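The values are calculated or read from the model by the stated rules, or taken from the named source; none is laboratory data. Remember, it's a predicted structure, so these values are computed and weren't measured experimentally. Cβ coordinates were reconstructed from backbone atoms using ideal geometry, including for glycine residues, and neighbour counts include every protein chain displayed.
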Amino acid sequence: MNNLILKIFSAIAALAFFTACNNSSEGNDGGNLLVRLGDSRLTLTELRSVVPPGTPSEDSVRLARNYINRWIDTHLITDIVAPQIPDMDEIDRLTMQYRQSLIEDAYRARMYRKNGDYNIPEDTLRAYYDARKESLKLKSPIVKGVFLKFADDSKNLKEARRLFKSSRQDDIDKLEKIAYDDAVYYEYFRDRWIDWQNMLAVIPSDFGNEPLTYPGTHKSTDLSADGFTYLLYITDYKGVGSQIPFEYAKEQIRDAILYDRQKEYDEELRRQLREDAIDDGTLVIY
């Protein structure tokens with residue numbers, strides 16, 4: 001056991017050296033062998049493959065030590081103890097079943113990527129939306145508007161306060177210029193819906209303990225916290241339970257249509273594979 005420990009730590013040191021030097025030579029199998037457990041072998045080549053190139057020496061040692069320990073623990077059970085488990089036949093059956101499922105899923109996904117129809121015209125999206133819009137309800141508020149974050153001592157903060165509520169194009173252009181020059185964060189979304197949760201994540205406020213209804217009753221927010229000023233102006237709002245606007249729902253609808261198409265493609269692929277196998281004699285049903 002002491003000899004094993006010495007070999008492991010020698011291997012870790014060698015790994016750190018090779019990683020630092022970025023040397024690609026592997027050596028022969030005999031000199032490459034680190035640990036043998038039953039019929040399983042851990043080599044320096046395998047150990048080096050789990051450490052990203054350029055990893056600092058200390059991190060290389062830690063990653064290598066963890067990998068070696070996991071390898072030994074795993075193979076002690078799978079190689080040595082496994083014969084003592086009475087239901088190994090069932091485990092083998094489930095393993096094979098899982099493997100078959102992975103192969104099937106990978107093949108179907110590959111075939112759909114190659115042959116599936118990903119083109120969804122606008123009128124198809126609209127038709128899907130119109131047929132289901134009564135059931136398409138918001139689970140989180142959505143808003144349109146503009147949001148800025150400045151340092152409290154920003155020289156442009158006073159001007160930003162004057163401009164951020166304006167809908168005049170020249171004021172919007174001026175606001176954008178000073179925002180790009182000086183703002184810590186700037187997002188203009190008057191022309192598109194965003195999830196209100198995005199704003200909750202970047203503004204340090206509990207919004208009067210009414211975070212989900214706040215944008216429906218407060219169009220303008222100007223608050224200071226921890227050395228920063230947050231300016232938010234809401235130009236439009238839809239609350240929880242409202243019908244989802246078409247523009248906001250388009251990606252969700254696109255995903256749903258593609259999912260339905262892939263299901264139909266999978267069914268046709270299964271049918272065709274079965275028919276071809278019967279025709280060429282590969283599949284015989286008695």
_Contacts under 8 angstrom Cβ, first residue in region 207-231 being in the same structural domain as S167 (by TED's automatic domain parsing), partner of a type in the set (D, E, K, R) and in a strand (DSSP E or B), 6 or more apart_ = F228/K149; T229/K149; T229/D222; Y230/K149; Y230/D222; L231/K149; L231/D222
*Of all the helices (runs of 4 or more DSSP H) wholly in region 179-286, which have at least 3 residues that are surrounded by 12 or more Cβ atoms within 10 Å (Cβ to Cβ) and within 30 Å of the chain's Cα centre (by Cα)?*
196-202, 246-279
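Considering region 63-74 alone, what residues qualify as being surrounded by 14 or more Cβ atoms within 10 Å (Cβ to Cβ) and either aromatic (F, W, Y) or over 14 Å from L34 (Cα atoms) (or both)?
Scanning region 63-74 gives L63, Y67, W71.
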_Which count do you get for residues in region 121-150 that are of a type in the set (A, V, I, L, M, F, W, C), in contact with a Phe, Trp or Tyr (Cβ under 9 Å, 6 or more places away or on another chain) and over 30 Å from F164 (Cα atoms)?_
2
*For residues that are more than 22 Å from S224 (Cα to Cα) and out of contact with any Leu (no Cβ under 7 Å at 6 or more places or on another chain), tally how many sit in region 148-176.*
6
*Determine which single condition Q169 fails, assuming it passes every other condition in (1) in contact (Cβ under 8 Å) with a residue 12 or more places away in the chain; (2) out of contact with any helix residue (DSSP H, G or I) (no Cβ under 6 Å at 6 or more places or on another chain).*
(1)
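Among helices (runs of 4 or more DSSP H) lying entirely in region 1-64, which contain 1 or more residues that are at pLDDT below 55?
Counting at least 1 such residues, we get 2-21, 29-32.
Quick check on region 239-255. Is at least one of its residues within 30 Å of E159 (Cβ to Cβ) and acidic (D, E)?
no
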